[in-house]
1. Can you tell me, using C-alpha contacts under 8 Å and at least 6 residues apart, the relative contact order of segment C:17-157 as a whole percent?
2. What lysines does B:K73 reach when the alpha-carbon gap must be under 18 Å and sequence neighbours fewer than 8 apart in one chain are set aside?
3. Using only the alpha-carbon atoms, how far is helix A:2-20 inclined from the longest principal axis of chain A? Give it as 0 to 90 degrees, nearest 10.
4. Would you mind ranking C:M1, A:M241, B:M1 so that the residue whose beta carbon has the fewest other beta carbons within 10 Å leads the list?
5. Please tell me the relative contact order of chain B in percent, rounded to the nearest whole number, where contacts are Cα pairs under 8 Å and at least six residues apart.
6. Provide, in order from the shortest bin, the percent of all Cα-Cα pairs of chain C in each 5 Å bin, continuing until the bin that contains the maximum pair distance.
7. Order by neighbour count: A:W252, B:W68, fewest other Cβ atoms within 10 Å first, most last.
8. So how do A:R118, C:R203, B:R71, C:R16 line up by other beta-carbon neighbours within 10 Å, fewest first?
Amino acid sequence: MRSLYVRYFLFLLVTLSCSVSGFAKKIQVCHDCSIISIKQAIQQAEEGDTIVVKQGTYYENEILIDKSLTLLSEDASVDGQDKGEIFIVKADDVTIDGFTIVNVGTSYIKDFAAIRIRESKNFAVRNNIIRNLFFGIYLEKSKDGIVENNKIYGKAKNEFNSGNGIQLWYSNNVIIKSNYVEKVRDGIYLEFSNYCQIEDNVSQYNVRYGLHFMFSNHDVVKNCKYIHNGAGVAIMFSKYMTMTDNLFEDNWGSAAYGVLLKEVNDTEINYNTFKGNTTAINIEGSNRVTYLHNDFIGNGWAINSNGANYHNIVNYNNFSNNSFDLVYRGPLNHNNFDSNYWSGYTGYDLNKDGIGDVPYRPIKLFSYIVNKTPESIILLRSLFIDIIDFSEKVSPIFTPDNLVDNTPITKYIKHDKDR
Amino acid sequence: MIKIDSLYKKYGENHVLKGVDLEIEQGVIAILGPNGSGKTTLNKCILGMVFPDSGNISIDNQSVLNKWDYRQKIDYLPQIANFPSNITVQELLNMIKDLRGNKTQDEKEYIELFHLSKFLNKKLSALSGGTKQKVNILLTFMFDNPIMILDEPTTGLDPVALLTLKDLIIREKNKGKIILVTSHIMDFVEGISDEIVFILEGKIYFKGSIELLKEKTNQESFEKAIANILKQNYA
Amino acid sequence: MLKILKYSFYDLIRSRWSYIYLLFYLLLGIVLLFLNSDIGKAIITLMNVIIVLVPLISTIFGVMYYYDSREFTELLLALPLKRSTIFFGQYLGVALSLSMSLIIGLGIPFLFYGLLASGVIINFLLLIVTGVFLTFIFSAFSYCIGLKNENKIKGFGYSILLWLFLAIIYDGVLLTVLIVFGEYPLENITLIGTILNPIDLSRILILLRLDISALLGYTGAVFKSFFGNGVGSIISFFILLLWVVFPLFLLRKFAKRKDF
């Protein structure tokens, strides 16, 4: 008998303690429920509650989340009817998970986004699908959050009336992982955002850049794919960046690059694959950047060095069947191009140590001609061009005399990808 | 019947034929003349291998210029017997028969006549000049067409073969064929021909029988008659 | 014509030169593939070979066969055969036997290498098709040269000159024009200039596959519409076909008026 009382007491105690400390409750939203809109649910919810939105389409916009809530979708889609923003988060510890969000309004004055997170931390945006958007996920002065496994499908045709898939502005320490972005202006855009980790994303068919950094430092880009963008990754005015194990493929066009570097310092670009891009890497005003163990395969131009680049290191890369391996302006400036594999290398290796006995000159005279007279690209791989390239190789007049790979590797380098 | 009307032909500045008129009914006609007088060119015009600058050639009252199927009626023995070198005699025979569309033709008689059976499986490049010429003759005679054009048929032949050739020509003549022969061997010409056509500097200088030629030049022998013509014109 | 083709072809495949040609390609294929780990590089080297050597070999071989088979030709001329039949037959014999050497010689090593599985099969086929086109074009030219020149030495000379001109000098002239008149819009001139040379045209056809990323770096609108989609390849193939027809037309014309 006594034990029964004890048990009852314990039960009361637990229940009480829960309600006092605001123990999370679950609020359901559905078309047949007592709560039929997300806004209504947020109004009734208290900090820490979970809102479960059941299947159906909810025509809502300007959904302001100003409490720490978890919004879970069970096959729910939110249609903003092109009226402006859809989710606006202004609280810490908010999770938005599993929604299909469509019809974000387009504006030339305001950057409407499907999900905007403003001055918040510890947020998580997961598993959402965003279609017909202006901006997708917009992080503004927020930090310590994660954006994961979202899919963003835009329909952008040009840069002027389109927005970015995922945008970070003054947001640090954010993880952006396993997202898919297509056909927007910039797939992922970071401005003044540091210590972010960008992993396993796929960004393709974007009209401007797959990934774009401005004034951002100490960010890491890893295992991402950038295909058919205006440029795969553009990094501008940034430093201490790391890019490894990414794939840049088929970024085609007159101003299309795998990677575009402008005033980038102290950065590492290693173990990436550049395949079939018009220009794999375009470098301008960048110093102390290392390029190690990258594969440049079948690009128009593998590296285009536009001058004012100092102390860069290009070693242990494979340059295989690019139309041009290297275009270079200005003097050597302590840049180092040793120990790469060049498929155009015709020297020999008598002592069989895998290092060619004759230095290799990666610059062709023809690249200068094409630069001056772009139409002449049509003569690429003509025997006549091969002859003038050869004569330039024998006695260089136009190319910097000391720009050579002194220790060219004779076999395709097998990188240690499981390092 | 072959009829040739005012045939002209020049190679560059070299006028080879300067108005040749000729009518041939039947029989063996020997076309004679000094080197470079246009005998071969005339032959080749008839065959359509050379195109005359002006004039006409007709066979059985049909103009043959720019035509090809009339050659069905002509057997031609070229001056120099050069054949594709890396095929055998038998293959050559089969090929020519195939190309003429006349596969049933029997060449055995001629093979025996010229003792060619042991050469049948030899490559043409391995044959001697005389044997090649025998093959050449064989190829010309085996088809039995109404017109024959023989350009220097005696080249390289041994006396036995020469006799055989003579007999063959006479046999074919008796079938009522037209046979045009050019040769420098006067004995041979005299033995076979019904008529002589003598070409000099691109024109027909003489046409008629050997008897007539002897009469005209007041010479006893055919050989001397020919020599006489040449002397008169070049002396 | 088929009969002539047959005999010319038999004659040719029994000639030593066909084997040398075949052997050359076999060796080339083997060296490229097995002494070289990089199949992409092999394809590019192959492209250079096809663009440069196929025209050279085709013209030289064609002219050589023309002069070599003169006796045979004269034999044929006395037979009841049309002239165009004789020459087209011989030409086809040359072109086909050369093409066969090319296809077999390069095909075998690539098959052994595992071409079918390697994913570059389309590039390889394109190279072969282009090579066959060039063979047909240049052996037709060589026959024209042969018909126009009794003198063997002259004939060979002209063949080499033709090759030298189209393979090297032409591009030099084109490049000079482009550089000198650099301030003017040159896109159309460049394209037309390229089309007027079968070697350049074939090169472009291959570039459209191997170097499309570089070609698309050029900003001009005409290039872009030419290179940017399948149109460029289709037009190029069509013009290449015209390039086969053109020397054949000449060949017919020359053959018709030629004295033997």
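Just so you know, all these numbers are worked out from the coordinates, no wet-lab data involved. Note that the structure is predicted; figures quoted are calculated from it, not measured. Backbone-built Cβ (ideal geometry, glycine too); neighbour counts: all protein chains shown.
1. About 45 percent, as a whole number.
2. Correct list for B:K73: B:K3, B:K44, B:K97, B:K103, B:K173, B:K175, B:K177, C:K82.
3. 60
4. Ranking C:M1, A:M241, B:M1 by Cβ neighbours within 10 Å, fewest first, gives B:M1, C:M1, A:M241.
5. It rounds to 27 percent for chain B.
6. With 5 Å bins starting at 0, P(r) equals 1, 6, 12, 16, 17, 15, 13, 9, 6, 3, 1, 0, 0.
7. Neighbour counts put them in this order, fewest first: B:W68, A:W252.
8. C:R16, A:R118, B:R71, C:R203
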